[in-house]
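Colleague: Shown below is the structure under consideration.
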Amino acid sequence: MLPEILKVAEEYGLTFNPRYHGKKETLCKCTFCEADNRPGKGHKFYLSLNTQDQVYKCWYCGVSGGVIDFEAKLSGLPYNEVREKYFGKRKKPVHPAESLNARQLRLIGWAEYKRKGRHDFKKNRESVLRDWKSYEHEELVKHFALFMVIAHIENQADRQNELLQYVIRSCHETQIYLLFNRLLAEYVKDEEERSGWAKEGTNIGRAAWKVSLSTYDFGMDKVVYNVVFLYHMLVMEETQTPKKGTHKKESIMNDKLSFAN
């Protein structure tokens with residue numbers, strides 16, 4: 001039996017709107033984006049809990065899902081570990097592609113394929129998983145690059161906060177588990193100890209920073225455009241150039257840094 005989403009929220013100390021506590025739609029402060037905790041937002045409660053269907057949604061950042069996903073996000077534990085807490089371990093191991101939900105499959109173009117024929121989908125699970133890992137890597141790199149640009153903005157608190165809220169919402173939209181938490185975890189590491197995707201994102205972020213700095217234009221659209229443009233320029237050159245190890249990737253990014261200057 002599914003746990004009750006209200007009890008999960010109470011267990012993790014969420015702040016409720018007393019007028020709606022315990023009702024079919026229970027409202028509380030969103031612990032994911034914290035947009036309703038900013039100055040002047042004390043009366044806002046963006047996170048909605050449906051106590052009948054055991055689902056949740058934030059009407060500000062858009063994060064949503066079921067009660068198992070809700071507890072996984074609050075606790076920081078893997079989804080499967082939370083699921084096992086209530087239902088026990090599966091008897092047969094599940095292929096990672098089968099664990100992708102409909103929204104994740106839609107993002108990589110496999111949702112309709114699975115809906116039309118599960119047998120054919122099963123035969124193509126390795127391709128599905130490969131596409132998801134490729135998508136995940138791209139989003140990790142681009143979001144870390146955006147985060148790096150935002151972290152270096154000085155004397156523009158409003159602009160910095162606007163960009164940060166954009167990244168938080170965008171992280172939720174990717175459907176990648178705990179993406180924003182992964183960005184934070186990599187950011188506090190020494191650069192040489194970061195994961196490969198974070199190192200790529202660091203270099204792209206530096207290039208995008210220099211482009212924005214040259215015009216002093218840190219508008220959200222411009223920063224996002226710079227990161228996406230530089231990422232795809234790097235990918236295009238990598239696919240057209242024989243791979244010769246990590247130093248080749250660094251050389252390509254150095255060219256982009258020169259271009260940014």
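The values are calculated or read from the model by the stated rules, or taken from the named source; none is laboratory data. In this text, all values refer to a predicted model and were calculated from it rather than measured experimentally. No Cβ is skipped: glycine too gets one built from the backbone with ideal geometry, and neighbour counts run over all protein chains shown. Surface accessibility is based on the protein's heavy atoms, side chains included, excluding ligands, DNA and RNA. Shrake-Rupley method; radii C 1.70, N 1.55, O 1.52, S 1.80 Å.
Colleague: Just to confirm the number: angle between the C-alpha axis of helix 196-215 and the first principal axis of the chain, 0 to 90 degrees, nearest 10?
Modeller: 70 degrees
Colleague: With contacts defined as alpha carbon pairs under 8 Å and 6 or more residues apart, what's the relative contact order of the chain in percent?
Modeller: 13 percent
Colleague: Put a dot 7 Å past each Cα toward the Cβ at D158 and Q52; how far apart are the dots in nm?
Modeller: Between Q52 and D158, the simple spin-label model gives 4.2 nm.
Colleague: OK, next. With the crude spin-label approximation of a point 7 Å out along Cα→Cβ, what separation in nm comes out for R19 versus A151?
Modeller: The answer from the label model is 4.1 nm.
Colleague: So how strong a dipole does segment 43-114 carry about its Cα centre when Lys and Arg Cβ are +1 and Asp and Glu Cβ are -1, to the nearest 20 debye?
Modeller: 120 debye
Colleague: If you count only protein heavy atoms with a 1.4 Å probe, what accessible area per residue comes out for the chain, rounded to a whole Å²?
Modeller: Numbers: 14990 Å² over 261 residues.
Per residue, the chain has 57 Å² of solvent-accessible surface.
Colleague: Seen from all sides and averaged, what is the projected area of the convex hull of the Cα atoms in segment 28-146, in nm²?
Modeller: Details: hull surface 39.3 nm².
Taking the Cα atoms of segment 28-146, their convex hull projects to 9.8 nm² on average.
Colleague: Rg(Cα) of the chain divided by 2.2 N^0.38 Å? Don't skip to the answer; put the middle values down first.
Modeller: Values: Rg = 20.8 Å, N = 261, 2.2 N^0.38 = 18.2 Å.
Here the answer is 1.14, to two decimals.
Colleague: List the residues whose amide H sits under 5 Å from the amide H of V55, counting only those 5 or more places along or on another chain, with H placed 1.01 Å from N in the peptide plane.
Modeller: N50
Colleague: So for each of 113-125, 193-205, 169-181 I average, over its residues, the number of other beta carbons within 10 Å; can you give me the resulting order with the highest mean first? Could the numbers behind the result be given before it?
Modeller: Numbers: 113-125: 12.8, 193-205: 20.1, 169-181: 18.3.
For the peptides 113-125, 193-205, 169-181, the packing ranking is 193-205, 169-181, 113-125.
Colleague: Now for a different question. Output the 0 to 90 degree angle, nearest 10, between the alpha-carbon long axis of helix 246-260 and the longest principal axis computed from the alpha carbons of the chain.
Modeller: 80 degrees
Colleague: Label segment 1-94 by shape, choosing from rounded, prolate and oblate, from the square roots a ≥ b ≥ c of the eigenvalues of the Cα gyration tensor; if a/c is under 1.5 it is rounded, and otherwise prolate applies when a/b is larger than b/c, oblate when it is not. Numbers along the way, then the final one.
Modeller: Working: a/c = 2.62, a/b = 1.90, b/c = 1.38.
Because a/c hits 1.5 or more and a/b exceeds b/c, segment 1-94 counts as prolate.
Colleague: Could you calculate the FRET efficiency of F87 with H232 from 1/(1 + (r/R0)^6), where r is the beta carbon distance between them and R0 is 51 Å, rounded to 0.05? Kindly include the intermediate steps, with their values, before the conclusion.
Modeller: On the way: r = 42 Å, r/R0 = 0.82.
My answer for the efficiency is 0.75.
Colleague: Residue by residue through segment 133-147, which ³J(HN,Hα) values in whole Hz follow from phi under the Karplus form 6.51 cos²θ - 1.76 cosθ + 1.60 (θ = phi - 60°), with glycine and proline marked x?
Modeller: Ordered by residue, 3J(HN,Hα) equals 5, 5, 4, 4, 4, 4, 5, 4, 4, 5, 5, 5, 4, 4, 4 Hz.
Colleague: Leaving out ligands, DNA and RNA, and with a 1.4 Å probe, what % of the accessible surface on the chain is carbon or sulfur?
Modeller: 50 percent
Colleague: What is the percent of Cα-Cα separations in segment 117-206 that go past 23 Å? Provide the component values of the computation, followed by the final result.
Modeller: Details: 1281 of 4005 pairs.
Cα-Cα pairs in segment 117-206 separated by more than 23 Å: 32 percent.
Colleague: Now for a separate question. Can you give me the distance in nm between label points at H95 and N80, each placed 7 Å from the Cα along the Cα-to-Cβ direction?
Modeller: My value for the distance between the label points is 1.5 nm.
Colleague: Which of the listed residues, S214, P3, L178, is farthest toward the dipole's positive end in the chain, when Lys, Arg count +1 and Asp, Glu count -1 at the beta-carbon?
Modeller: P3
Colleague: Mind listing which trypsin sites (Lys or Arg not before Pro) in segment 1-104 are in a DSSP loop and have 14 or fewer other Cβ atoms within 10 Å? If you can, show how the numbers build up before the last one.
Modeller: On the way: sites: K7, R19, K23, K24, K29, K41, K44, K57, K73, R83, K85, K89, R90, K91, R103; in loops: R19, K23, K24, K29, K41, K44, K89, R90, K91.
Hits after loop and neighbour filter: R19, K23, K24, K41, K89, R90, K91.
Colleague: From Cα pairs below 8 angstrom and at least 6 apart in sequence, can you work out the relative contact order of segment 28-70, rounded to a whole percent? Please list the in-between numbers first.
Modeller: On the way: 59 pairs, mean separation 12.6, N = 43.
Once normalised by length, the contact order is 29 percent.
Colleague: Now for a separate question. About its Cα centre, what dipole magnitude does the chain give when the only charges are +1 on Lys and Arg Cβ and -1 on Asp and Glu Cβ, stated in debye to the nearest 20? Let's see the in-between values first.
Modeller: Working: 42 positive and 35 negative charges, 213 e Å.
Magnitude of the dipole: close to 1020 debye.
Colleague: Could you derive backbone 3J(HN,Hα) for segment 58-69 from the dihedral phi with the Karplus parameters 6.51, -1.76 and 1.60 (θ = phi - 60°), listing whole Hz in sequence and x where the residue is Gly or Pro?
Modeller: Couplings: 9, 7, 9, 8, x, 4, 7, x, x, 5, 5, 4 Hz.
Colleague: On to the next question. Heavy atoms only, probe 1.4 angstrom, no DNA, RNA or ligands counted: give me M1, M233 ranked by accessible area, highest first. Display every interim value, and only then the final one.
Modeller: On the way: M1 190, M233 60 Å².
Highest to lowest solvent-accessible surface, that is M1, M233.
Colleague: Then there is this: Going by Cα centres, segment 70-138 and segment 7-44 are how many Å apart?
Modeller: Comparing the Cα centres of segment 70-138 and segment 7-44, I get a distance of 29 Å.
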